[in-house]
Amino acid sequence: MGPFAWGLLVGCLGGLALAAAAVSAAYRRIDRLQRRARQAERLAELGTLTGGLAHEIKNPLSTIQLNLQLLREDLPEHEPSTPRIVNRLTTVQREASRLRDILDDFLRYAGKMELDRKPLDLNRLLEEMADFFNPQAQLQRVQLRLRPADGPLVAPADERMLKQALLNLMINALHAMPQGGDLILSARGEDGRAVIDVIDTGRGIEPDALPRIFQAYYSTKKGGHGLGLAISKRIIEEHGGTIGATSEVGKGTDFRIELPI
């Protein structure tokens, strides 16, 4: 075999090897995609089942709450045992209401999320959120500060959903500052994206807890059900954006949202 033929053969073999490697990589990718598709189908089915279960629990829960209120109204006012019974009924009503709130949050988190995207002025959005939330912040001696973008900042977004995501972050910030502090809402454009920061000067988040704060049902707060931040994350990701947090214990936390514009 001459040098030319030998070189041609080596080249063909090399090409075949590359083609085989490409085919093998393609098969692996197809296999991964198929596994992901099956997993997505199972998750979708599980979401449907759990959503239906939550509705089945919620309906009789409403009946229980109504009957507890009627029972309370029917108690004789002058019986010595009435105050004790009222206290117990109040406890049951409070826990039933808390369970209903948990179910509502779960349905928002697990249910299908359909966005009504429209051009949204993010400076106006933050101003409205600040006006709405300021009375609650003042009750906890928290100073709410607004830092809008220098110029117009518009992103395609569902206003109601985005307000919900921000409200969850602001409530979380308020819980982190039981002794008061500063809550800062800022917006700016950066590298073709809209950036919103929700910053508090609270107690901060421990480094080992920080990677888990967006997980469903993870909470460091007593009595917290751990869905607020998970819902915010899902809303932002449904918009094609990202959300993350940086924190320093004793100094505060910065939740950063990035949205495509």
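Mind listing whichever residues of the stretch 242-261 are open to solvent by 10 Å² or more (accessible area, probe 1.4 Å), at pLDDT 90 or above and farther than 18 Å from Met177 by Cα? Thr242, Ile243, Gly244, Arg256, Glu258, Pro260, listed by residue number.
Looking only at strands (runs of 3 or more DSSP E) that lie completely in the stretch 133-218, which have at least 3 residues being open to solvent by less than 40 Å² (accessible area, probe 1.4 Å)? Even if it seems obvious, please write down each step before you answer.
Working: elements: 142-147, 154-157, 181-190, 193-200.
Correct list: 181-190, 193-200.
When we screen Arg124, Arg100 for residues that are surrounded by 14 or more Cβ atoms within 10 Å (Cβ to Cβ), assigned to a helix (DSSP H, G or I) and at pLDDT below 80, the only hit is Arg100. Here Glu73 passes the criteria (1) over 28 Å from Ile236 (Cβ atoms); (2) among the acidic types (Asp, Glu); (3) at pLDDT below 80 except the one numbered (3).
Residues in the stretch 47-66 that are at pLDDT below 70 and hydroxyl-bearing (Ser, Thr, Tyr) were compared, and the one that is nearest to Leu103 (Cα to Cα) is Thr50. Among the residues of the stretch 219-241, those identified as farther than 26 Å from Arg193 by Cβ and either modelled with pLDDT of 95 or more or open to solvent by 50 Å² or more (accessible area, probe 1.4 Å) (or both) are Thr220, Lys221, Lys222, Gly223, His225.
The values are calculated or read from the model by the stated rules, or taken from the named source; none is laboratory data. These numbers were taken from a predicted model, which means no experiment stands behind them. Note: ideal-geometry Cβ built from the backbone for every residue, glycine included; neighbour counts use all protein chains shown. Only protein heavy atoms, including side chains, enter the accessible area calculation; ligands, DNA and RNA are left aside. Shrake-Rupley method; radii C 1.70, N 1.55, O 1.52, S 1.80 Å.
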